[in-house]
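Taken together, the values in this text are just the output of simple stated rules run on the coordinates, not laboratory data. Being a predicted model, the structure only gives us computed values, none of them experimental. Note that each Cβ is placed from the backbone with ideal geometry, even for glycine, and that neighbours are counted across all protein chains shown.
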Amino acid sequence: MNRWVGIVSLRETAPPTPVHRIALAIAAARNRTSYRLAGQTVPYARMRSALRTLGKEHARHHEWGRYEYCVDLAGDFFDGGHPPDRTALLAH
């Protein structure tokens, strides 16, 4: 009787990518990423900076739900997500 016991690698695995190369790739992606909001092109770096500033303002006023929303939104932008409708932003 044959039983499946796993996968065996017949060749050596590739060495891991150096951390500095990963950091350079992330920086390059951030520099080339932009979004269209209200007919204007907004670079990722500017959007992230604005969300950080807005998040700090919410934290200063102890509005933790809105602060977390800004942090999550900044992550969504970089992950390739699209910004939500303006009405969704105003609802929070």
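Counting only residues 5 or more places away or on other chains, whose amide H sits under 5 Å from the amide H of SER34 once H atoms are built in the peptide plane?
Amide H neighbours of SER34: TYR44.
Add +1 for every Lys or Arg and -1 for every Asp or Glu among the other residues with Cβ under 12 Å from the Cβ of ARG46, and state the total.
+3
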